[in-house]
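Notes follow the structure.
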Amino acid sequence: MVLATVYDPLVRMLGAGREPALRRATLAAGGVSGGHDLLDVGCGTGALLVAAHEIAAPGARLVGLDRSAAMLAAARRRSDRAGAAVELVEGEATRLPFPDACFDVVFLSLVMHYLSLDQKLSAAGEARRVVRPGGTVVVVDFGRPDGAHGRLHALLLLHGRAAAAAPDLVALLSRAGLEQVARRPSPIGPLHIVRGVRGVP
Ligand SMILES: C[S@@+](CC[C@H](N)C(=O)[O-])C[C@H]1O[C@@H](n2cnc3c(N)ncnc32)[C@H](O)[C@@H]1O
């Protein structure tokens, strides 16, 4: 699949050198540290999993899920090169093939904009289901642009349509039953980082 081949150079170009900072901010939003069990839904070519390996190994369980076999093959090549032990699973964000409460942190990075509103809600609900009580769900995606400057930035980066159609990610995670939902600082303005916690009964 072509996207799996061009995805990493494209992200480097559009991110203008800020992709590593975005990955660090994403992991920080999840409070990732050694020994955590992490799931990356829509893991693509595995950039976040490899970044997680650098800060959470040894002892972390790193699992990536994607619907695309080509993306998973690219993620396998990247994780092998980095010496990162990751489990890669083909599957759907809206029907996660994992039992309840088996991860400390679940990420959905740049995958929500592929989904319809109903699917977004299902994916957020599934993330909440598989994260442990007290664990964290982190979503990174195009958010509604902040003010005129944000809208101009979105147009210049050619994702004006994605940004205009973007849901309120804080409201979305709240509707999925997560608690303490809040936006975190993002090094790439149009990409919002939002985290929520699964409550402890
Ligand atoms: C833009 S890429 C993002 C990759 C990676 N998470 C990142 O932050 O760079 C979106 C990925 O989500 C995957 N994807 C899209 N819809 C999906 C779904 N319903 N279930 C699982 N994966 C999906 C695509 O195959 C693709 O690999």
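Where a number appears in this text, it was derived from the coordinates with a stated rule and is not lab data. This is a predicted model, so every value here is computed, not measured. Ideal geometry is used to build each Cβ from the backbone, glycine not excepted, and the neighbour counts take in all protein chains shown.
Can you put 68, 33 in order, fewest other beta carbons within 10 Å first?
33, 68
Ordered by residue, what ³J(HN,Hα) values in Hz, to whole numbers, does the stretch 116-125 give under the Karplus form 6.51 cos²θ - 1.76 cosθ + 1.60, where θ = phi - 60° and Gly and Pro are x?
5, 4, 4, 5, 4, 5, 5, 5, 5, x
Which percent of Cα pairs goes in each bin when the distances of the stretch 92-151 are cut into 10 angstrom slices starting at zero?
23, 46, 22, 8, 1
On average, how much area does the Cα convex hull of the stretch 32-115 cover when viewed from any direction, in nm²?
That works out to 5.0 nm², a quarter of the Cα hull's surface.
What is the order of 116, 79, fewest Cβ neighbours within 10 Å to most? Could you put the intermediate results ahead of the total?
Working: 116 9, 79 22.
Fewest to most other Cβ atoms nearby, the residues stand as 116, 79.
Give me the number: length gained by fully extending residue 90 to residue 175, i.e. 0.36 nm times residue separation minus the C-alpha to C-alpha distance, one decimal in nm.
27.9 nm
Rank these for me by crowding, 66, 80, going from fewest to most other beta carbons within 10 Å.
Numbers: 66 26, 80 12.
By the 10 Å Cβ count, ascending: 80, 66.
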